[in-house]
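*Asks:* One structure, pasted below without further comment.
The values are calculated or read from the model by the stated rules, or taken from the named source; none is laboratory data. On a predicted model such as this, the values are computed, not experimentally measured, just so you know. Cβ atoms come from the backbone with ideal geometry, glycine included; neighbour counts cover every protein chain shown.
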Amino acid sequence: MISGWEDIRAEVLRRIRVRDWPPGALIPTEEDLAAEFGVARATVNRALRELAGAGVLERRRKAGTRVAALPVRKATLDIPVIRQEVEARGQVHGFRLLERVEGVPPVPVTSRMGLAPGTRILWLETLHLADGRPFVHEGRWLNPAVLPVPLPDFAAVSANEWLVAHVAYATGDIAFAAEGAGPREAAVLGVAEGTALFITERMTWTAEAPITYVRLAHAPGYRLQTMV
(Lines give C-alpha, C1' and ligand atoms only; values in the text may rest on other atoms or scores of the structure.)
Protein backbone atom coordinates (compact mmCIF):
# COMPACT_ATOMS: atom_id res chain seq x y z
CA MET A 1 0.00 0.00 0.00
CA ILE A 2 1.37 3.40 -0.99
CA SER A 3 1.05 6.07 1.69
CA GLY A 4 4.11 8.34 1.78
CA TRP A 5 6.50 9.97 -0.63
CA GLU A 6 9.11 7.27 0.00
CA ASP A 7 6.64 4.64 -1.29
CA ILE A 8 5.99 6.69 -4.42
CA ARG A 9 9.71 7.15 -5.01
CA ALA A 10 10.21 3.38 -4.74
CA GLU A 11 7.37 2.66 -7.17
CA VAL A 12 8.64 5.20 -9.71
CA LEU A 13 12.10 3.64 -9.52
CA ARG A 14 10.58 0.17 -9.98
CA ARG A 15 8.74 1.28 -13.12
CA ILE A 16 11.93 2.79 -14.49
CA ARG A 17 13.96 -0.35 -13.75
CA VAL A 18 11.47 -2.69 -15.48
CA ARG A 19 11.25 -0.24 -18.42
CA ASP A 20 7.59 0.60 -17.94
CA TRP A 21 9.06 4.09 -18.28
CA PRO A 22 12.22 3.77 -20.41
CA PRO A 23 14.97 6.43 -20.64
CA GLY A 24 13.62 9.61 -22.19
CA ALA A 25 9.97 8.66 -21.56
CA LEU A 26 7.51 11.30 -20.38
CA ILE A 27 5.92 10.11 -17.15
CA PRO A 28 2.37 10.92 -15.98
CA THR A 29 1.64 14.31 -14.45
CA GLU A 30 1.68 14.92 -10.72
CA GLU A 31 -2.12 15.18 -10.79
CA ASP A 32 -2.46 11.81 -12.53
CA LEU A 33 -0.02 10.10 -10.17
CA ALA A 34 -1.72 11.60 -7.14
CA ALA A 35 -5.07 10.26 -8.35
CA GLU A 36 -3.57 6.83 -9.11
CA PHE A 37 -1.89 6.49 -5.73
CA GLY A 38 -4.65 8.18 -3.72
CA VAL A 39 -2.35 10.76 -2.15
CA ALA A 40 -1.97 14.53 -2.16
CA ARG A 41 -0.19 16.12 -5.09
CA ALA A 42 2.38 17.55 -2.67
CA THR A 43 3.35 13.99 -1.71
CA VAL A 44 3.99 13.10 -5.36
CA ASN A 45 5.88 16.35 -5.86
CA ARG A 46 8.24 15.52 -2.98
CA ALA A 47 9.02 12.08 -4.44
CA LEU A 48 9.67 13.43 -7.93
CA ARG A 49 11.86 16.25 -6.60
CA GLU A 50 14.00 13.72 -4.75
CA LEU A 51 14.43 11.65 -7.92
CA ALA A 52 15.20 14.74 -9.99
CA GLY A 53 17.82 15.77 -7.46
CA ALA A 54 19.38 12.32 -7.77
CA GLY A 55 19.55 12.68 -11.56
CA VAL A 56 16.97 9.95 -12.26
CA LEU A 57 14.32 12.32 -13.64
CA GLU A 58 14.51 15.52 -15.66
CA ARG A 59 11.89 18.15 -14.82
CA ARG A 60 11.11 21.11 -17.07
CA ARG A 61 8.52 23.79 -16.45
CA LYS A 62 5.60 23.42 -18.89
CA ALA A 63 7.31 20.41 -20.52
CA GLY A 64 6.63 17.75 -17.91
CA THR A 65 8.87 15.16 -16.26
CA ARG A 66 10.93 12.62 -18.18
CA VAL A 67 13.12 9.69 -17.25
CA ALA A 68 16.71 10.87 -17.66
CA ALA A 69 18.22 9.54 -20.87
CA LEU A 70 21.63 9.32 -19.21
CA PRO A 71 21.09 9.22 -15.43
CA VAL A 72 23.89 10.93 -13.56
CA ARG A 73 24.59 11.73 -9.97
CA LYS A 74 23.93 15.42 -9.35
CA ALA A 75 25.21 17.72 -6.68
CA THR A 76 22.33 19.42 -4.88
CA LEU A 77 22.21 22.66 -2.97
CA ASP A 78 19.68 23.46 -0.28
CA ILE A 79 18.54 27.05 -0.03
CA PRO A 80 20.48 28.31 2.98
CA VAL A 81 19.01 30.39 5.77
CA ILE A 82 21.47 33.26 6.01
CA ARG A 83 20.94 33.61 9.76
CA GLN A 84 22.05 30.00 10.22
CA GLU A 85 25.08 30.55 7.98
CA VAL A 86 26.20 33.46 10.16
CA GLU A 87 25.55 31.64 13.43
CA ALA A 88 27.46 28.58 12.18
CA ARG A 89 30.49 30.89 11.92
CA GLY A 90 30.11 31.73 15.61
CA GLN A 91 28.83 35.22 14.85
CA VAL A 92 25.66 37.12 15.68
CA HIS A 93 23.24 37.63 12.81
CA GLY A 94 21.28 40.80 12.23
CA PHE A 95 19.51 42.31 9.26
CA ARG A 96 18.02 45.57 8.07
CA LEU A 97 15.16 45.88 5.60
CA LEU A 98 16.40 48.77 3.47
CA GLU A 99 13.48 49.02 1.04
CA ARG A 100 10.08 47.44 0.50
CA VAL A 101 8.05 48.64 -2.46
CA GLU A 102 5.73 47.31 -5.13
CA GLY A 103 7.00 47.80 -8.65
CA VAL A 104 7.59 46.39 -12.12
CA PRO A 105 10.77 44.27 -12.36
CA PRO A 106 13.35 44.89 -15.08
CA VAL A 107 12.55 43.11 -18.34
CA PRO A 108 15.14 40.32 -17.83
CA VAL A 109 13.63 39.49 -14.42
CA THR A 110 10.06 39.64 -15.76
CA SER A 111 11.06 37.26 -18.56
CA ARG A 112 12.84 34.81 -16.26
CA MET A 113 9.90 34.73 -13.86
CA GLY A 114 7.41 34.23 -16.69
CA LEU A 115 5.39 37.30 -15.75
CA ALA A 116 3.30 39.37 -18.14
CA PRO A 117 4.91 42.71 -19.06
CA GLY A 118 3.96 45.42 -16.59
CA THR A 119 3.15 43.00 -13.74
CA ARG A 120 3.77 44.66 -10.38
CA ILE A 121 5.33 42.53 -7.65
CA LEU A 122 7.16 43.10 -4.38
CA TRP A 123 10.74 44.40 -4.25
CA LEU A 124 12.71 43.84 -1.05
CA GLU A 125 16.24 45.06 -0.37
CA THR A 126 17.88 43.63 2.74
CA LEU A 127 21.31 43.88 4.31
CA HIS A 128 22.38 40.89 6.42
CA LEU A 129 24.99 41.48 9.13
CA ALA A 130 27.51 39.30 10.94
CA ASP A 131 28.61 40.76 14.28
CA GLY A 132 27.26 44.08 13.05
CA ARG A 133 29.31 44.10 9.84
CA PRO A 134 27.90 43.73 6.31
CA PHE A 135 27.66 40.08 5.28
CA VAL A 136 25.24 39.82 2.33
CA HIS A 137 23.33 42.38 0.29
CA GLU A 138 20.03 40.79 -0.81
CA GLY A 139 17.94 42.21 -3.65
CA ARG A 140 14.74 40.24 -4.12
CA TRP A 141 11.70 40.34 -6.43
CA LEU A 142 8.90 38.39 -4.76
CA ASN A 143 5.57 37.26 -6.21
CA PRO A 144 2.87 38.31 -3.69
CA ALA A 145 0.55 35.60 -5.08
CA VAL A 146 2.51 33.01 -3.06
CA LEU A 147 2.16 35.00 0.18
CA PRO A 148 -0.64 35.04 2.76
CA VAL A 149 -2.84 38.07 3.44
CA PRO A 150 -1.86 40.15 5.32
CA LEU A 151 1.70 39.98 4.05
CA PRO A 152 4.46 38.88 6.44
CA ASP A 153 6.42 41.61 8.22
CA PHE A 154 9.75 41.30 6.45
CA ALA A 155 11.24 43.91 8.78
CA ALA A 156 10.75 41.42 11.63
CA VAL A 157 11.79 38.21 9.85
CA SER A 158 13.91 38.21 6.69
CA ALA A 159 12.26 37.15 3.44
CA ASN A 160 15.00 34.54 3.06
CA GLU A 161 14.14 32.83 6.33
CA TRP A 162 10.35 33.21 5.96
CA LEU A 163 10.27 31.71 2.46
CA VAL A 164 12.46 28.73 3.36
CA ALA A 165 10.14 27.96 6.27
CA HIS A 166 6.77 28.57 4.60
CA VAL A 167 6.86 28.21 0.80
CA ALA A 168 7.83 24.88 -0.77
CA TYR A 169 9.41 25.20 -4.19
CA ALA A 170 8.97 22.65 -6.98
CA THR A 171 11.90 23.68 -9.12
CA GLY A 172 14.51 26.37 -9.42
CA ASP A 173 17.83 27.42 -10.86
CA ILE A 174 20.92 28.93 -9.36
CA ALA A 175 23.98 30.65 -10.79
CA PHE A 176 27.26 31.77 -9.25
CA ALA A 177 29.60 34.47 -10.48
CA ALA A 178 32.40 36.81 -9.46
CA GLU A 179 31.46 40.39 -10.31
CA GLY A 180 32.66 43.85 -9.47
CA ALA A 181 30.54 45.72 -6.93
CA GLY A 182 28.12 48.17 -8.47
CA PRO A 183 27.41 51.56 -6.88
CA ARG A 184 24.58 50.36 -4.66
CA GLU A 185 26.31 47.16 -3.55
CA ALA A 186 29.50 49.09 -2.82
CA ALA A 187 27.63 51.64 -0.72
CA VAL A 188 25.68 49.06 1.29
CA LEU A 189 28.58 46.65 1.83
CA GLY A 190 31.08 49.43 2.54
CA VAL A 191 33.53 48.50 -0.23
CA ALA A 192 34.97 50.32 -3.21
CA GLU A 193 33.13 50.15 -6.52
CA GLY A 194 34.52 47.34 -8.64
CA THR A 195 35.57 45.23 -5.64
CA ALA A 196 35.26 41.54 -6.57
CA LEU A 197 32.19 40.02 -4.92
CA PHE A 198 30.79 36.50 -4.86
CA ILE A 199 27.33 36.72 -6.46
CA THR A 200 24.50 34.21 -6.20
CA GLU A 201 21.40 34.55 -8.39
CA ARG A 202 18.49 32.21 -7.73
CA MET A 203 15.01 31.64 -9.17
CA THR A 204 12.38 29.38 -7.63
CA TRP A 205 8.89 28.30 -8.69
CA THR A 206 6.00 26.39 -7.19
CA ALA A 207 4.34 23.92 -9.56
CA GLU A 208 2.03 26.74 -10.73
CA ALA A 209 3.75 30.08 -10.28
CA PRO A 210 7.07 31.87 -9.82
CA ILE A 211 8.08 32.50 -6.22
CA THR A 212 11.10 34.76 -6.26
CA TYR A 213 14.19 35.99 -8.02
CA VAL A 214 16.98 36.96 -5.65
CA ARG A 215 20.48 38.33 -6.13
CA LEU A 216 22.89 37.96 -3.22
CA ALA A 217 26.11 39.97 -3.18
CA HIS A 218 28.42 38.56 -0.51
CA ALA A 219 30.97 40.71 1.25
CA PRO A 220 34.65 40.00 0.43
CA GLY A 221 35.95 36.84 2.09
CA TYR A 222 32.75 34.81 1.69
CA ARG A 223 33.32 31.09 1.09
CA LEU A 224 30.70 28.64 -0.19
CA GLN A 225 30.90 25.06 1.03
CA THR A 226 28.56 22.21 0.14
CA MET A 227 28.47 18.41 -0.06
CA VAL A 228 28.21 16.13 -3.11
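*Asks:* Give the residues of the stretch 58-71 that are of a type in the set (A, V, I, L, M, F, W, C) and at pLDDT 90 or above, sorted by residue number.
*Replies:* Correct list: Val67 only.
*Asks:* To continue, here is another question. Can you tell me which of (1) more than 30 Å from Ala130 (Cβ to Cβ); (2) modelled with pLDDT under 90; (3) touching a strand residue (DSSP E or B) at 6+ places or on another chain (Cβ under 7 Å); (4) not in a helix (DSSP H, G or I) is the one Lys74 doesn't meet?
*Replies:* Result: Lys74 fails condition (3) only.
*Asks:* For the stretch 173-192, state whether one or more residues are in the same structural domain as Gln91 (by TED's automatic domain parsing), closer than 29 Å to Asn45 by Cα and outside any strand (DSSP E or B).
*Replies:* There is no residue in the stretch 173-192 that is in the same structural domain as Gln91 (by TED's automatic domain parsing), closer than 29 Å to Asn45 by Cα and outside any strand (DSSP E or B).
*Asks:* When you look at Val214, is it assigned by TED's automatic domain parsing to the domain that holds Arg133, within 14 Å of Asn143 (Cβ to Cβ) and in contact with a strand residue (DSSP E or B) (Cβ under 6 Å, 6 or more places away or on another chain), yes or no?
*Replies:* Taking the combined requirement at face value, the residue satisfies it.
*Asks:* Give the residues of the stretch 2-31 that are out of contact with any strand residue (DSSP E or B) (no Cβ under 7 Å at 6 or more places or on another chain) and on the phi > 0 side of the Ramachandran plot, sorted by residue number.
*Replies:* Scanning the stretch 2-31 gives a single hit, Arg19.
*Asks:* Now a separate question. From the list Phe154, Phe95, Phe135, which residue is among the aromatic types (Phe, Trp, Tyr), touching a strand residue (DSSP E or B) at 6+ places or on another chain (Cβ under 7 Å), surrounded by 14 or more Cβ atoms within 10 Å (Cβ to Cβ) and not in a strand (DSSP E or B)?
*Replies:* That would be Phe154, the only listed residue that is among the aromatic types (Phe, Trp, Tyr), touching a strand residue (DSSP E or B) at 6+ places or on another chain (Cβ under 7 Å), surrounded by 14 or more Cβ atoms within 10 Å (Cβ to Cβ) and not in a strand (DSSP E or B).
*Asks:* Which residue out of Val81, Val56, Val12 is closer than 26 Å to Ala145 by Cβ and out of contact with any Cys (no Cβ under 9 Å at 6 or more places or on another chain)?
*Replies:* Within the list Val81, Val56, Val12, the selection yields Val81.
*Asks:* Looking at Gly55, is it in contact with a Lys or Arg (Cβ under 8 Å, 6 or more places away or on another chain), exposed (fewer than 15 other Cβ atoms within 10 Å of the Cβ), modelled with pLDDT under 90 and more than 24 Å from Glu208 (Cβ to Cβ)?
*Replies:* It is false that Gly55 is in contact with a Lys or Arg (Cβ under 8 Å, 6 or more places away or on another chain), exposed (fewer than 15 other Cβ atoms within 10 Å of the Cβ), modelled with pLDDT under 90 and more than 24 Å from Glu208 (Cβ to Cβ).
*Asks:* Can you run down the residue pairs with Cβ atoms below 6 Å, 6 or more apart or on separate chains, where the first is in the stretch 139-150 and outside the structural domain of Val109 (by TED's automatic domain parsing) and under 18 Å from His128 (Cα atoms) and the partner is part of a strand (DSSP E or B) and modelled with pLDDT under 95?
*Replies:* none
*Asks:* For the stretch 158-172, give me the residue count where each residue is assigned to a loop (DSSP other than H, G, I, E, B) and either at pLDDT below 95 or exposed (fewer than 13 other Cβ atoms within 10 Å of the Cβ) (or both).
*Replies:* 4
To keep it simple, each residue is scored yes or no on (1) touching a residue at least 12 places away in the same chain (Cβ under 8 Å); (2) loosely packed, with under 14 Cβ neighbours inside 10 Å.
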position: Ala196; (1), (2): yes, yes
position: Arg202; (1), (2): yes, no
position: Thr206; (1), (2): yes, no
position: Pro220; (1), (2): yes, yes
position: Gln225; (1), (2): no, yes
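*Asks:* For Pro28, which of the numbered conditions (1) under 22 Å from Arg215 (Cβ atoms); (2) at pLDDT 90 or above fails to hold?
*Replies:* Status for Pro28: all satisfied but (1).
*Asks:* Another question about this same structure. Name every residue in the stretch 82-124 that is among the β-branched types (Val, Ile, Thr) and in contact with a Gly (Cβ under 8 Å, 6 or more places away or on another chain), in order of residue number.
*Replies:* Those that are among the β-branched types (Val, Ile, Thr) and in contact with a Gly (Cβ under 8 Å, 6 or more places away or on another chain): Val92, Val104, Ile121.
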